[in-house]
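Below is one structure, written out as structure tokens; the observations come after it.
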Amino acid sequence: MKTSEIKRLADALDEPAQSEEPVLIETHISWIILAGGFAYKIKKPVLFSFLDFTTSEKRKYYCERELVLNRRLAAQMYLRVIPVCQNGVDFSVNQKNGQIVDYALQMVRMDSAKEMNKMLLAGQVREETIFSLAAKLAAFHRAATVISQPLDISALGERFNDLLSARAFAGRHLGSSFSTLITGAVQYSNRFLDKYRSAIMERSVKGFVRDLHGDLHTANIFLYDDPVIFDCIEFNDAMRELDILDELAFLGMDIEAYGRKDLSDLLYNEYHRMLGIDQNQGTIALYVYYKCYRANVRAKVLLLRATETKDRQVFAASIHSARGYLQLLANYMEA
């Protein structure tokens, strides 16, 4: 489907209790329509190195995968996969008349005010909320499928070192110190992976690599009394098959990006207490490395967004946020 067709579909939606116009949200890989009490997610017909949504059959398959995988953590939110139909110039969802042209994932529309990133900005995240989140995450990780294939440490190093592709741009727009920082980060990663290779492999043998969420940051969490963790990666299994410490580090890093290291530390300690996992210097060092890696990826994505946009506000916001994540990366390396 095209954006113009998605807009026609959004305009045609008439949900019960719908008191306002539908809202259309667009990302690199999908459209999300918020209408009444529901959200409809439709995948774009795009092809990237890490996903292939080029046919309706593939989009249907990945809608179904997304439904199954996300029900592990957010069963109350994810409802069903339904067809998108076209009848002349009109589009509809879940109608029997017309030709099926695509598929949508239907979800319950959640309260956007409860998004964790927004609550952190507003200073509304309390310690008891972190206890609930740690319990939810620990239970999920405990039950997750163990991956017998060992982690590809070389691939991890290559993903970290891909930050070099943004070094020149960062130097021009953030200053030469950030270009130097990126060079130093890559050197740090290479040294770390050489030193801790056997420890990382041992964690694979012990079953710490599992089929997890894969994109666990604060914008993917609604902080109800029972936290709702949503939007896991469905399009690439390898991006979900992580060391549990890597996934925890992603969320911990993102919380610290909002200036709440106290809450990040609480999450880390409660999570490990609930799982009954003993900590040692090697584990802590690896956790810090994974936080470096996740801050690296966040910074790289933001710098890439800045290179692609023609919107001055988006450019300025992306550069500002990238600076913050790179500074966080520097702080972790000092630790």
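The values are calculated or read from the model by the stated rules, or taken from the named source; none is laboratory data. Predicted model, so just to flag it, every value in this text is computed and none were measured. Heads up, the Cβs are rebuilt from the backbone with ideal geometry, glycines too, and the neighbour counts pull from every protein chain shown. When the accessible area is computed, the model is the full protein with side chains, heavy atoms only, and any ligands, DNA or RNA have been set aside. Shrake-Rupley method; radii C 1.70, N 1.55, O 1.52, S 1.80 Å.
Of the trypsin sites (Lys or Arg not before Pro) found in region 110-163, the ones in coil according to DSSP and having at most 12 other Cβ atoms within 10 Å of their Cβ are R126. Taking the protein heavy atoms of the chain in the context of the full set of protein chains, the accessible area attributed to carbon and sulfur is 51 percent at 1.4 Å.
Whole Å is fine, so just give me how far the alpha carbon centre of region 287-322 lies from that of region 217-248. Between the Cα centres of region 287-322 and region 217-248 lies a distance of 19 Å. For R109, the residues whose amide H sits under 5 Å from its own are F38, A39, ignoring neighbours fewer than 5 places away on the same chain, with H placed 1.01 Å from N. When both region 111-178 and region 1-79 are represented by their alpha-carbon centers, they are found 24 Å apart. By the helix-only formula, in which each DSSP H run with n ≥ 4 contributes -39500 (n - 2.57) and the sum is divided by residues, the chain has a 222 nm mean residue ellipticity of -18000 deg cm²/dmol. The slack between K96 and T183, meaning 0.36 nm per residue of separation minus the straight C-alpha distance, is 25.6 nm. Taking label points 7 Å from Cα along the Cα-to-Cβ direction, L275 and S176 give a separation of 4.4 nm. Computed from the Cβ-Cβ distance with R0 of 30 Å, the FRET efficiency linking F50 to D14 stands at 0.25.
Compute the helix-to-body angle for 312-334: its Cα long axis versus the longest principal axis of the chain, expressed 0 to 90° and rounded to tens. Orientation of helix 312-334: about 30 degrees from the principal axis.
On a per residue basis, region 1-152 carries 53 Å² of accessible surface, using protein heavy atoms and a 1.4 Å probe. Sorted on the mean count of surrounding Cβ atoms within 10 Å across their residues, most packed first, peptides 38-47, 94-103 read 38-47, 94-103. By how many degrees, between 0 and 90 and to the nearest 10, does the Cα long axis of helix 261-275 differ from the longest principal axis of the chain? Approximately 90 degrees, to the nearest 10.
Using the Cβ-Cβ distance between K310 and A155 with R0 set to 25 Å, the FRET efficiency from 1/(1 + (r/R0)^6) comes to roughly 0.15.
With a Förster radius of 51 Å applied to the beta-carbon distance between F131 and E21, the computed FRET efficiency rounds to 0.85. Model label sites at K7 and T145, defined 7 Å from Cα along the beta-carbon direction, differ in position by 4.1 nm.
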